[in-house]
Amino acid sequence: MVHARLSGSTPALAGRGWGARVLLHPAAKPVLFVLCLLPLAWLVYGAAVDRLGANPAEALIRSTGDWTLRMLCLTLAVTPLRLALAQPPLARFRRMLGLYTFAYAALHLLCYGWFDMGLDVPEILRDVLKRPFILVGMGCFAVLLALAATSFNRAMRWMGGRRWQQLHRGVYLAAGLAILHFFWMRSGKNDFAEVAVYAAILAALLLARPWLRRRHRAV
C-alpha cells in the first residue's frame, strides 16, 4: 500500500505528479512573477491614458490597497493548498507572493503619502496619530516590512529556524491588521460587503491550516 502511494499508481496521485511537474518547471516562477505584476502594469497604463475615473489618485490608493489584500490571501493560501492537494512544490512560490504583498503595500503607502499628503512627513505623522485606521494600516505595513526583510535564506540562517518561524507567524497579525484597517476605512461609508468577503477568505485560510496539518499527519 505504501509503495502504491509513492509510485503514483492511482489516478489521483498521477494527477498530483503531473501538477508537480508543472510547478517545478523552470518557467513556473517567471510566469507567476509576470502575473503578479499585471495589476500594477494595468494601473500604470490606466493612469497614463486617463482611464482611472474622475479621481485617479483615489483609484490608485484604493486599487493598491485591494491588491495588497489579494496578494496576502494568495500568500496565505499556499500552505492550505499545498496540504490539501499534496503538492509540496507549491511552497516554492510562497516567498514571491509574500514579497509581492509587501510591494503592493508599499505602493499603497506611497500613493497615500504622495497623493493625499503631498509627501509632507510631519503632516503624515499627525494624520497617523489622528486617524486610527491609518495607524492600524501603518502597523500592518511595519509587520510586512519585517517579514519581507527577513524572507531570505541568509536571514533565516542568521536568526535560526525557530526564531525565524516565530517571526514569520506575524503574517497572521498582518492579516488581522489589514482587515481592521479595511473595516475602519469602510466604516465611514457604512459599506462592509467587501470587508466581509476578505475577512471570510482570510479566516477560512487560517482555520484550514491546523485541520489540514492534522489530516496530513494522519495519512
Note, ³J(HN,Hα) from phi for region 67-81, Karplus 6.51, -1.76, 1.60, rounded to Hz, x at Gly and Pro:
6, 4, 5, 5, 5, 5, 4, 5, 4, 6, 7, 4, 5, x, 5
Accessible area of Cys73 in the full protein assembly, 1.4 Å probe (Å², nearest 10)
20 Å²
Kindly report the accessible area of region 152-191 per residue (heavy atoms of protein chains, probe 1.4 Å, no ligands, DNA or RNA), in Å².
73 Å²
Quick one: putting +1 on the C-beta of Lys and Arg, -1 on the C-beta of Asp and Glu, what dipole do you get for region 152-202 around its Cα centre, in Debye to the nearest 20?
440 debye
Over the chain, what percent of the accessible surface lies on carbon and sulfur atoms, probe 1.4 Å?
69 percent
So if I place +1 on the C-beta of Lys and Arg and -1 on the C-beta of Asp and Glu, and nothing else carries charge, what would the dipole magnitude of region 87-219 be about its Cα centre? I want it in debye, nearest 20.
1120 debye
For region 97-219, count all C-alpha to C-alpha pairs, find those more than 26 Å apart, and express that count as a whole percent of the total.
33 percent
Need one value: the accessible area of Ile124 in square angstrom, 1.4 angstrom probe, rounded to the nearest 10.
30 Å²
Accessible area of Thr150 in the full protein assembly, 1.4 Å probe (Å², nearest 10):
20 Å²
Can you give me the three principal axis dimensions of the chain from its C-alpha atoms, in Å, biggest first?
65, 40, 38
Longest exposed-site-free window of the chain, the sites being trypsin sites (Lys or Arg not before Pro) in a DSSP loop that have at most 12 other C-beta atoms within 10 Å
52-168
Hey, what do the phi angles of region 153-164 turn into as Karplus ³J(HN,Hα) couplings, whole Hz, using 6.51/-1.76/1.60 and θ = phi - 60°, x for Gly and Pro?
4, 5, 5, 5, 5, 5, 7, x, x, 5, 5, 4
Please work out the Cα center distance from region 169-194 to region 104-150, rounded to the nearest Å.
14 Å
Which order do Leu107, Leu72, Leu60 take by accessible area at a 1.4 Å probe, largest first?
Leu107, Leu60, Leu72
Heavy-atom accessible area ranking, 1.4 Å probe, most first, across Asp120, Asp50, Asp127
Asp50, Asp120, Asp127
Arrange the residues Ser187, Ser63 by how much accessible surface each exposes, largest first, with a 1.4 angstrom probe.
Ser187, Ser63
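The values are calculated or read from the model by the stated rules, or taken from the named source; none is laboratory data. Note that the coordinates shown come from a computational prediction; the quantities given were computed from them, not determined experimentally. Backbone-built Cβ (ideal geometry, glycine too); neighbour counts: all protein chains shown. Surface accessibility is based on the protein's heavy atoms, side chains included, excluding ligands, DNA and RNA. Shrake-Rupley method; radii C 1.70, N 1.55, O 1.52, S 1.80 Å.
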